[in-house]
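To keep things clear, I will list the structure first and then write my remarks on it.
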Amino acid sequence: MFLLPNIIFGLILFFGIGFFVRNINKLKRNIKLGNDVSFTGSNKQRWINMARIALGQSKMVTRPISGALHVIVYLGFIIINIEVLEIVIDGLFGTHRIFSPIGPIYGILIGTFEVLAVLVLISVILFWFRRNVIKIKRFLSDEMKGWPKSDANFIIYFEIILMILFLTMNAADVEFQAMNSGNIISGLIAPMFDGLALNLIERTAWWLHIIGILIFLNYLYYSKHLHILLAFPNTYFGSLNPKGYLKNLDSVTNEVKIMMDPDSDPYSDMNESEVIDKFGASDVFDLNKIQLLNAYTCTECGRCTSECPASQTGKKLSPRKIMMDTRDRLEEVGLNIDANKGKFVSDGKQLLGDFISEEEIWACTSCNACVEACPISINPLSIILDMRRYLVMEKSAAPAELNNMMNNIENNGAPWPYNQLDRLNWNNE
């Protein structure tokens, strides 16, 4: 019977981590449905970007209030959960505060954790207030109704409960309070438990705290807070090209070069390996792995949409919705694969049309404001451009104004409807 709590703890830990690994494997499988992508630029710069943007939160603080609150929650939650290592060791081996013998350093660490826990509590309450009372405009878009709104609130409630359990666990721990070191906050709470069953309260808070962390860990896969894990690879693999850089299709470029070479035979000089089956993207299978990683990493913060000039002027486009729709379609495809024993069975649906409309795609000005605004290097524009490429090159479905311009360029060498012989007349326009 003495080992029963340790066995129960071990089983809970095993299943909690097991479900997490299963979810991560599904995540990896879904991302690998995308096409391979070649990377340019130095690895050193990629590591710098990851350290500066993901770890250093450099782009979060461009908006001081929400940025500061996010940094507090991010640092506090990560640092506080260092104590999870102690909880795991205690749970597996039946010890109690295994690290306490290190002396004053332990008190300093736990004291720091407690102060951070209070700061996290204050910050997440303010986040809840901003979302549900003040109702910040970027949280009121159509794509944020229903599950996205509930998900954001669930995470806030999770964090509030975990921080309260952490402080309660410390306050009801007689041995820890007797140390009279590190109980900066819990020492103020401890008198509230006078006359109560302290050991029962401490053990209950201890168990609920670790179980809550494991539940939170597995909930991440279904939540926008998956960016806690994915922000690091996403910023590492972010594009190092200048904003506005557009990559031409190599197959098209080579074909044009062959056609412009008077000594070349276009039929014999074309390399079969350069011929592609499809131009652009209409579904998640046509996107590359980094674009799919972007979709899973989206925090739904709405900074991209709030900076988008098309969105600001009432157009239907929301870069945040582009990423959310891509993730939703990718999840739908993943469930299809799960239901069909590892194979995707056509469901008659695709990303373009069923999730993202042509109106949204053509509303984009290609200004890169969304790319610049994203705090974790997500690129909604790349998906929009790939869908445009599909519409133009596969479906000839560009807006009339654009079709007229392209016809003029093809026939007249310029966007205007003048004959090339009348070139001098263009100067008057």
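The values are calculated or read from the model by the stated rules, or taken from the named source; none is laboratory data. Keep in mind that this is a model prediction, so the values were computed, not measured. We place every Cβ from the backbone using ideal geometry, glycine too, and count neighbours over all the protein chains shown.
Here is how the numbers come out for the structure above:
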| read-out | value |
| --- | --- |
| Filtered residues of the stretch 339-379 (kept if in a loop (DSSP other than H, G, I, E, B), more than 21 Å from the chain's Cα centre (by Cα) and on the phi > 0 side of the Ramachandran plot) | Lys341, Gly342, Gly348, Ser366 |
| Pick from the stretch 229-248, criterion in contact (Cβ under 8 Å) with a residue 40 or more places away in the chain and of a type in the set (A, V, I, L, M, F, W, C), ranking: farthest from Ile53 (Cα to Cα) | Leu246 |
| Number of the exception - Ile384 against (1) at pLDDT 95 or above; (2) at positive phi | (2) |
| Unmet criterion (only one of (1) closer than 20 Å to Ile215 by Cα; (2) surrounded by 12 or more Cβ atoms within 10 Å (Cβ to Cβ); (3) without any contact (Cβ under 8 Å) to a residue 40 or more places away in the chain) for Ile7 | (2) |
| One residue from Gly67, Gly94 being more than 18 Å from Ile110 (Cα to Cα), surrounded by fewer than 16 Cβ atoms within 10 Å (Cβ to Cβ) and assigned by TED's automatic domain parsing to the domain that holds Phe14 | Gly94 |
| Residue among Val124, Val88 that is part of a helix (DSSP H, G or I), within 24 Å of the chain's Cα centre (by Cα) and of a type in the set (Val, Ile, Thr) | Val124 |
| The stretch 104-121 - residue that is among the β-branched types (Val, Ile, Thr) and surrounded by fewer than 20 Cβ atoms within 10 Å (Cβ to Cβ) and, of those, nearest to the chain's Cα centre (by Cα) | Val118 |
| Options Ser306, Ser318: the member that is surrounded by fewer than 22 Cβ atoms within 10 Å (Cβ to Cβ) and either small (Gly, Ala, Ser) or in contact with a Leu (Cβ under 7 Å, 6 or more places away or on another chain) (or both) | Ser306 |
| Failed condition for Val392, given (1) surrounded by 20 or more Cβ atoms within 10 Å (Cβ to Cβ); (2) at pLDDT below 95; (3) among the β-branched types (Val, Ile, Thr) | (1) |
| Elements of type helices (runs of 4 or more DSSP H) contained in the stretch 135-207, each with 3 or more residues being hydroxyl-bearing (Ser, Thr, Tyr) and at pLDDT 90 or above | 147-171 |
| Where Arg52 falls short, out of the listed (1) loosely packed, with under 14 Cβ neighbours inside 10 Å; (2) over 21 Å from Cys298 (Cβ atoms) | (2) |
| Any hit, the stretch 398-408, residues being over 23 Å from Leu226 (Cβ atoms) and either touching a strand residue (DSSP E or B) at 6+ places or on another chain (Cβ under 7 Å) or part of a loop (DSSP other than H, G, I, E, B) (or both) | yes |
| Residue match in the stretch 95-109 (condition: within 19 Å of Val71 (Cβ to Cβ) and in a helix (DSSP H, G or I)) | no |
| Out of Asn170, Asn180, sole residue that is without any contact (Cβ under 8 Å) to a residue 12 or more places away in the chain and over 30 Å from Asp328 (Cβ atoms) | Asn180 |
| Pairs where the first residue, in the stretch 28-57, is outside the structural domain of Asp328 (by TED's automatic domain parsing) and within 22 Å of Phe344 (Cα to Cα) and the second is modelled with pLDDT of 95 or more and hydroxyl-bearing (Ser, Thr, Tyr), C-beta under 9 Å, 6+ apart | Asn30/Tyr296; Ile31/Tyr296 |
| Count - residues of the stretch 140-180 that are surrounded by fewer than 17 Cβ atoms within 10 Å (Cβ to Cβ) and among the hydroxyl-bearing types (Ser, Thr, Tyr) | 2 |
| Cross-chain or 6+ apart pairs with Cβ under 7 Å, the stretch 132-149 first and touching a residue at least 24 places away in the same chain (Cβ under 8 Å), then among the hydroxyl-bearing types (Ser, Thr, Tyr) and buried (at least 17 other Cβ atoms within 10 Å of the Cβ) | Arg138/Thr305; Arg138/Ser306; Ser141/Thr305; Ser141/Ser318; Glu143/Ser318 |
| Thr253 being farther than 20 Å from Leu75 by Cα, modelled with pLDDT under 90 and of a type outside the set (Gly, Ala, Ser) | yes |
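Yes/no per residue for (1) touching a Leu at 6+ places or on another chain (Cβ under 8 Å); (2) under 19 Å from Asn241 (Cα atoms); (3) modelled with pLDDT of 95 or more:
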position: Leu4; (1), (2), (3): no, no, no
position: Phe9; (1), (2), (3): yes, no, no
position: Asp36; (1), (2), (3): no, yes, no
position: Asn43; (1), (2), (3): no, yes, no
position: Leu55; (1), (2), (3): no, no, no
